[in-house]
1. Among Gln38, Gln341, Gln262, which one shows the biggest mean-square fluctuation in a GNM of the chain, springs joining Cα atoms closer than 10 Å?
2. Arrange the residues Arg241, Arg169 by how much accessible surface each exposes, largest first, with a 1.4 angstrom probe.
3. Which is the longest run of the chain containing none of the chymotrypsin sites (Phe, Trp or Tyr not before Pro) found in DSSP loop states (not H, G, I, E, B) with at most 15 other C-beta atoms within 10 Å?
4. Taking all protein chains in place and a 1.4 Å probe, what share, in percent, of the accessible surface of the chain do carbon and sulfur account for?
5. Accessible area per residue, 1.4 Å probe, Å², for the chain: what's the number?
6. Just checking my list (i) 28.2, 108; (ii) 27.9, 93; (iii) 21.1, 68 against Rg and Dmax of the Cα atoms in Å computed from this structure; which label fits?
7. Among DSSP beta bridges whose residues both lie in the chain, state the antiparallel percentage, nearest 5.
8. Once you've got the GNM for the chain with C-alpha springs shorter than 10 Å, pick whichever of Arg34, Arg283, Arg194 has the biggest mean-square fluctuation.
Amino acid sequence: MALSSKLSTLPLLVGVAGTMLWALRMATPGVSKRAVAQTITMLSVAAAVVFCLPGGRTGFLHALSLQREHAQLGHMTFALGQLSQHGWWWYYPVAWALKTPLPSLGWTLAGAFVLVAEATRQPRLLLPHVLSMAGFTLLTLFAAVAIGLRNMLPIVPILCVGAGLAVSRVWNSSPRWRWLPLILFLWLAVGTWRIHPCELSFMNEAAGGTRAAANLLSDSNVDWGTDLGRVAPIINQQPLRRLYLVYFGSARPSEYGLPRYQWMPAYNFAPRLSLDGPDPQGREWIAISATALTGVYPPGPDAYAWLKDRQPTARAGASILLFDITGDSDAHGRLGFAALQAHFVEPAVAALERAIQLSPKDHNVVTALVAAYRSHGDNTAAEHLCATSPELVPAWLCLPPSEAKR
């Protein structure tokens with residue numbers, strides 16, 4: 001059943017088959033023809049499930065082919081301030097160390113050693129899982145695609161078994177040590193309660209806490225648009241003039257109290273609206289997802305990097321940062337440049353026009369806006385701006401389109 005939806009089950013089957021062969025070779029007590037038959041039956045049923053899927057063997061092999069192609073192409077990744085198309089061998093161990101609650105991290109590390117020791121005593125029970133966990137870990141470490149820590153989830157149940165064995169050993173070793181598991185379980189419970197409902201963005205205390213998440217990792221380690229619903233209650237506390245939405249996710253903002261916004265380039269599927277708020281005298285905001293701020297996805301690492309030098313005015317949950325840029329011509333201009341460089345003319349024009357309203361003599365902004373008008377085919381607006389600010393615009397940019405081409 002797991003194979004029918006997730007290819008990450010494959011290492012478990014390898015572990016089961018490998019354990020059977022190992023047990024037969026070592027003549028392990030308790031391994032009989034019946035046990036071998038059961039194992040072969042299970043592997044056969046797994047194969048049958050795969051072949052009975054829509055598309056059958058072709059569909060399954062196509063899925064494997066897509067995974068291989070993805071691995072060859074790589075996937076842009078952000079970690080500890082670095083960007084890479086093919087990741088790093090240390091990515092998943094570091095992500096695991098940053099995102100796992102410290103009590104869980106301690107118990108699972110101890111449990112991994114206990115699992116290996118116990119597997120020699122109970123090979124039929126534990127060896128399949130130990131082999132599968134080791135194989136899956138090795139595959140993940142050297143994978144060319146390093147995205148979310150969720151890719152490591154198949155080993156979590158096995159590590160929990162090991163953690164349980166480790167706790168049992170401590171509990172049974174001496175009554176004077178029984179306080180340790182209780183303290184750590186209480187720590188885990190309190191930490192879980194405190195972070196709710198922002199579990200996705202969690203970083204442990206050694207990593208600097210959840211507020212440090214945006215500087216350490218990206219994508220589903222921090223942000224999947226989960227805090228979109230927390231933006232509206234913050235910006236609606238005061239009259240709204242404009243919200244620039246730089247959102248990473250797939251939900252429709254209108255369903256979360258944001259029917260009017262100025263869409264800005266980011267990796268999302270939100271409708272590309274260009275609607276101002278109801279009050280021309282209201283506040284102006286940028287709401288930017290942590291993943292968009294890292295620059296791991298288009299429009300690239302430089303588009304919004306300037307925001308890293310600013311202190312957020314507020315935070316929507318743990319993954320969306322809010323900046324009040326009311327009357328800030330530099331911020332509007334930088335947003336316009338980012339949109340124009342990403343070849344999104346409409347949001348560029350909206351931001352640049354506001355920047356000129358605030359700073360009419362900014363040479364760079366006026367020049368960029370003329371270029372944006374030309375790109376949008378609005379030659380009338382371009383000529384008007386050239387006429388009103390001829391000293392701020394290069395002469396060639398103010399030529400009629402037919403002459404400019406020559």
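1. Gln38
2. Result, largest first: Arg169, Arg241.
3. That gives 270-406 as the longest site-free run.
4. 62
5. That works out to 53 Å² for each residue.
6. Entry (ii).
7. 55
8. So, out of Arg34, Arg283, Arg194, the one fluctuating most is Arg34.
The values are calculated or read from the model by the stated rules, or taken from the named source; none is laboratory data. Keep in mind it's a predicted model, so treat the numbers as computed, not measured. Glycine gets a Cβ as well: all are built from the backbone with ideal geometry, and neighbour counts include every protein chain shown. These accessible areas exclude ligands, DNA and RNA; they are computed on the full protein's heavy atoms, side chains included. Shrake-Rupley method; radii C 1.70, N 1.55, O 1.52, S 1.80 Å.
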